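The values are calculated or read from the model by the stated rules, or taken from the named source; none is laboratory data. Just so we're clear, the structure is a prediction, and the values are computed from it rather than from any experiment. All Cβ positions, glycine included, derive from the backbone under ideal geometry; neighbour counts span all protein chains shown. Each accessible area value is taken on the protein alone, full model and side chains, heavy atoms only, with ligands, DNA and RNA left out. Shrake-Rupley method; radii C 1.70, N 1.55, O 1.52, S 1.80 Å.
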Amino acid sequence: MILGNEQLMTLLIAMTPINELRGTIPIAIGIYKLPVFEAFFWAVFGNMIPIFFLLWFFGSLSKILMERFYFFNRFFTWLFERTRKNFYQKFKQYGNIALIIFVAIPLPMTGAWSGAVAAFLFGIPYWKALGLIFVGVLLAGLIITLITMGILAYNI
């Protein structure tokens, strides 16, 4: 499969933490004139690429910093305890669906990048987090595609 400029740009834009799918799918369909399923595919694929690395990076980096620096050990210990204390009940109540919904809702400060941070903070294992985030990205992509096509209304 050869990528054209439109597909490559869709893939690259979807990798950014600000746009993710919310900006990419409308650009791919409206500006690049990609077919709907092609825009969806390249946007979802591009959005997931950084997540593989972020989930690995967060865990590895925090472990290295905690082992080598007292300050980071104290900081991450405080951060994990605080986050889990403040949000554990909601996470426990909703379980895995909480991460999927958090990623799927197309609002600012939600999405795959934020979902990777949340998965890291809650200590969700790598492959499980990756799967849950992927399901959330698929749902977010579907929601954004339906909104872009005018099938679903989005009023804030």
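What are the residues in region 1-43 that are in a helix (DSSP H, G or I), of a type in the set (Gly, Ala, Ser) and over 15 Å from the mean Cα position of the chain (by Cα), if any?
28, 30, 39
Mind counting the residues in region 75-96 that are without any contact (Cβ under 8 Å) to a residue 40 or more places away in the chain, surrounded by 13 or more Cβ atoms within 10 Å (Cβ to Cβ), in contact with a helix residue (DSSP H, G or I) (Cβ under 8 Å, 6 or more places away or on another chain) and more than 14 Å from residue 129 (Cβ to Cβ)? Talk me through it step by step, then tell me what you get.
Within region 75-96, the first condition is being without any contact (Cβ under 8 Å) to a residue 40 or more places away in the chain, and the residues that meet it are 75-78, 81-96.
After this cut, where a residue has to be surrounded by 13 or more Cβ atoms within 10 Å (Cβ to Cβ) as well, the list is 75-76, 83-84, 87, 91, 94, 96.
Next cut, in contact with a helix residue (DSSP H, G or I) (Cβ under 8 Å, 6 or more places away or on another chain) only: 76, 83-84, 91, 94, 96.
Those still in the list that are more than 14 Å from residue 129 (Cβ to Cβ) too: 76, 83-84, 94.
The total comes to 4.
List the residue pairs whose Cβ atoms are under 8 Å apart, where the first residue sits in region 1-29 and is under 18 Å from residue 147 (Cβ atoms), the second is charged (D, E, K, R), and the two are 6 or more positions apart or on different chains. Listed pairs, sorted by first residue: 14/20; 28/6; 28/38. Being modelled with pLDDT of 95 or more and either surrounded by fewer than 18 Cβ atoms within 10 Å (Cβ to Cβ) or within 16 Å of residue 120 (Cβ to Cβ) (or both) narrows it down to one of 41, 72, so name that one. Criteria check complete, one pass: 41.
Quick check on residue 22: is it out of contact with any Cys (no Cβ under 8 Å at 6 or more places or on another chain), under 14 Å from residue 112 (Cα atoms) and open to solvent by 30 Å² or more (accessible area, probe 1.4 Å)? Steps first, answer last, please.
Values: out of contact with any Cys (no Cβ under 8 Å at 6 or more places or on another chain): yes; under 14 Å from residue 112 (Cα atoms): yes; open to solvent by 30 Å² or more (accessible area, probe 1.4 Å): yes.
Yes; evaluated as a whole, the condition is true for this residue.
Out of all the residues in region 58-69, is one or more without any contact (Cβ under 8 Å) to a residue 60 or more places away in the chain, part of a helix (DSSP H, G or I), among the hydrophobic types (A, V, I, L, M, F, W, C) and open to solvent by 100 Å² or more (accessible area, probe 1.4 Å)? No, every residue in region 58-69 fails to be without any contact (Cβ under 8 Å) to a residue 60 or more places away in the chain, part of a helix (DSSP H, G or I), among the hydrophobic types (A, V, I, L, M, F, W, C) and open to solvent by 100 Å² or more (accessible area, probe 1.4 Å). Among the residues of region 97-112, is there at least one that is open to solvent by 70 Å² or more (accessible area, probe 1.4 Å) and of a type outside the set (A, V, I, L, M, F, W, C)? Yes, the conditions are met somewhere in region 97-112. Suppose the filter is in contact (Cβ under 8 Å) with a residue 60 or more places away in the chain, among the aromatic types (Phe, Trp, Tyr) and out of contact with any strand residue (DSSP E or B) (no Cβ under 6 Å at 6 or more places or on another chain); does residue 127 pass it? The answer is no for residue 127.
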